[in-house]
């Protein structure tokens, strides 16, 4: 079975799961928002995969993809990988003590700063990390605290 046929079968299977969850349960207002968002995201990703598989020249793109993948596998930065794993463990342990928003904000800033290419200037990396962290934390706050009325874990700071 080729990669193309596997992707098509997987996309159709995900459509089936979306329709099954969409019509199986009848939920009331506040509780159905998040599952419907997830169903929509899965359906959009499945559609993108299907369109990509039907409209691509499979031989050329696969060769380019394999060459790119080979080049990327050679460039694994184990220092950044180990730092990411260590930072994630620290995030998990400090999470309950410091609270979700403060911990997530700091975690995102640190990871985004470290994982950016080294060619980018220090100030630009810091600015990008700060802006993305603020946006992600505000989106999580809006989605869970305001829209779904689900409070995130509170800690010592917040």
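Laboratory data are not the source of any read-out in this text; all were calculated from the coordinates shown. Owing to the predicted nature of the structure, the values given are computational and were not obtained by experimental measurement. Note that we place each Cβ from the backbone using ideal geometry, even for glycine, and neighbour counts take in every protein chain shown.
Extension gain for residue 121-residue 19 works out to 32.0 nm (0.36 nm per residue, less the C-alpha to C-alpha distance). With the simple spin-label model, which puts each label point 7 Å out from Cα in the Cβ direction, the residue 51 to residue 132 separation comes to 2.4 nm. Each principal axis of the Cα atoms in region 78-147 has its own extent, and those three values, largest first, are 39, 25, 15 angstrom.
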